[in-house]
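Below: one structure, written as structure tokens.
None of the figures in this text is laboratory data; all of them are computed from the coordinates on show. Bear in mind that the values here come from a model prediction, so they are computed numbers and not experimental data. Cβ atoms come from the backbone with ideal geometry, glycine included; neighbour counts cover every protein chain shown.
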Amino acid sequence: MANSKQLSIGTVAAEPATIDLDWSTTALLIIDMQRDFMEPGGFGETLGNDVSQLARAVKPIAAVLGAARDLGLLVVHTREGHLPDLSDAPPAKIERGAPSLRIGDPGPMGRILIRGEAGHDIIPALYPLDSEIVIDKPGKGAFYATELDDILRKYGIENLLVCGVTTEVCVNTTVREANDRGYRCVVLADGCASYFPEFHEMGLKMIKAQGRFGCGSQGNDGADFK
Ligand code: TIU
């Protein structure tokens, strides 16, 4: 959560253009770095995906998270998942594809994509501090049916550094939703990943094209964000 440190303007090397951000109105938004997407036996794997493709985003996110904590930025983590009675999970979502296990079925990390289960939680390497905000979302976008917009406005946030998984699904949807709501978005390219490398690449290209929804930046070791 934002602390009382004196925050300043940071210049972030980004595409299509360098962007100046006032750190005091900037939050780090980490999308769905959950065991259900990242680890074998979770939702991602039940859909037939190779979860090892997502591991590359962990180190860059850890670096940026460390820098954000040092800087005193507001840090928000999201988790995709559903209530145990599935009342917030539309049939169209539960039915989709031909997964080996469906949302709500018992799996090795508990019921698939259900709040409170081990698989629903964030991976240990990026675990939120007690002071950080965790948003539970039933959809792909982090604003749909959540309190995220109210919280960001309460903290005076105007800019979002966005990372997480997957690039083309929950990151892209959230950045588009954020853009509609007036937030300046910088997507941290190496802090995002997809089960499909070509979708990652195109997902970033779509965001960066003419800066339509936001800019793309390498988060690298977090050095840009100090
Ligand atoms: N299935 C897939 O690629 N992603 C999701 O369903 N959620 C997120 O992107 N987090």
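Here are the numbers:
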{"item": "For segment 143-201, diffusion coefficient by Stokes-Einstein and Kirkwood Rh (Cα), 20 °C, 1.002 mPa s, µm²/s", "result": "179 µm²/s"}
{"item": "Under-5 Å amide H pairs with Ala189, H placed in peptide plane, nonlocal only", "result": "Ser217, Gln218, Gly219"}
{"item": "Karplus-derived 3J(HN,Hα), 6.51/-1.76/1.60, for each residue of segment 46-63, Hz, glycine and proline x", "result": "5, 7, x, 8, 8, 5, 5, 5, 8, 4, 4, 7, 5, 4, x, 5, 4, 5"}
{"item": "For segment 45-78 and segment 113-184, distance of Cα centres in Å", "result": "12 Å"}
{"item": "FRET efficiency, Tyr155 to Leu47 (Cβ-Cβ, R0 35 Å, nearest 0.05)", "result": "0.50"}
{"item": "Whole-Hz couplings from phi, Karplus 6.51/-1.76/1.60, listed for segment 89-100; x for Gly and Pro", "result": "10, x, x, 4, 7, 5, 6, 5, x, 9, x, 5"}
{"item": "Pair Tyr144, Asp22: separation of 7 Å Cα→Cβ label points (nm)", "result": "3.2 nm"}
{"item": "Once the Cα gyration tensor of segment 6-138 is diagonalised, semi-axes √(5λ) in Å", "result": "32, 16, 14"}
{"item": "Of Leu188, Leu148, Leu83, the one that fluctuates the most in a GNM where the chain has Cα springs shorter than 10 Å", "result": "Leu83"}
{"item": "Estimated D of the chain in µm² per second, where Rh is the Kirkwood radius over Cα pairs and Stokes-Einstein applies at 37 °C, 0.692 mPa s", "result": "188 µm²/s"}
{"item": "Of Lys154/Lys205; Lys140/Lys205; Lys93/Lys154, pairs whose Cα-Cα distance is over 29 Å", "result": "Lys154/Lys205; Lys93/Lys154"}
{"item": "Helix-only [θ]222 nm of the chain, DSSP H runs n ≥ 4, -39500 (n - 2.57) each, per residue, nearest 500", "result": "-6500 deg cm²/dmol"}
{"item": "Segment 79-211: proportion of alpha-carbon pairs further apart than 25 angstrom, %", "result": "31 percent"}
{"item": "Those GluC sites (Glu not before Pro) in segment 140-226 that DSSP places in a loop and that have at most 14 other beta carbons within 10 Å", "result": "Glu147"}
{"item": "Gaussian network model of the chain, springs between alpha carbon atoms under 10 Å - residue of Asp85, Asp121, Asp50 with greatest fluctuation", "result": "Asp85"}
{"item": "Of Leu86, Leu54, Leu28, the one that fluctuates the most in a GNM where the chain has Cα springs shorter than 10 Å", "result": "Leu86"}
{"item": "Projected label distance in nm at Arg56 and Met202, using a 7 Å step from Cα toward the beta-carbon", "result": "1.7 nm"}
{"item": "Principal semi-axes in Å for segment 73-153 [√(5λ), Cα gyration tensor, largest first]", "result": "24, 16, 9"}
